[in-house]
């Protein structure tokens, strides 16, 4: 079931536009933080997706454009055979998909944690870094939602 706190005001929810933009910024930060784990050469579709996400924050691209960019990032994940690369690409895909559904921001963070774990690095340090990037306005929303998701996924 979808967490109603992530539904935008214009769709009848309580999430303000500024909060939606903060979620996108944070999700992109989570994905960018693990992007170097993708491999030697980062697929251009991942870089483009993050660029589209940043343009969406500024109001310069549509939700439809962001959704298409997220699908291209997921395509990169499906084409990859390395668990770390798959997790990085999925993190990027979820980050840009935040334009479409703000709760995708949690997916960006979760897949970043999976990428870190797959690369043999500390999930605790990555989670701490993610937490430090959170604006106060969305901190409770994100932390409670991510904790619930982590318990469900046993991360």
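The values are calculated or read from the model by the stated rules, or taken from the named source; none is laboratory data. All values reported here derive from a predicted model rather than from experimental measurement. Here the Cβ positions follow ideal geometry from the backbone for every residue, glycine too, while neighbour counts run over all protein chains shown.
Couple of notes before you dig in:
- Of residues in region 57-69 being within 14 Å of the chain's Cα centre (by Cα) and over 24 Å from residue 116 (Cβ atoms), the one surrounded by the fewest Cβ atoms within 10 Å (Cβ to Cβ): 67
- Test result for residue 39, in contact with a helix residue (DSSP H, G or I) (Cβ under 7 Å, 6 or more places away or on another chain), farther than 25 Å from residue 152 by Cβ and at pLDDT below 95: yes
- Residue match in region 89-104 (condition: closer than 23 Å to residue 5 by Cα and more than 13 Å from the chain's Cα centre (by Cα)): no
- Close pairs from region 13-33: first at negative phi and modelled with pLDDT under 95, partner assigned to a loop (DSSP other than H, G, I, E, B) and surrounded by fewer than 18 Cβ atoms within 10 Å (Cβ to Cβ), Cβ under 7 Å, at least 6 apart: 13/7; 15/7
- Options 94, 20, 33; residue that is in contact with a strand residue (DSSP E or B) (Cβ under 7 Å, 6 or more places away or on another chain), crowded, with 18+ Cβ neighbours inside 10 Å and part of a helix (DSSP H, G or I): 20
- So residue 72, is it buried (at least 18 other Cβ atoms within 10 Å of the Cβ) and more than 17 Å from residue 29 (Cα to Cα): yes
- Subset of region 75-91 (residues that are surrounded by 16 or more Cβ atoms within 10 Å (Cβ to Cβ) and assigned to a helix (DSSP H, G or I)): 76, 77, 84, 85, 86, 87, 88, 89, 90, 91
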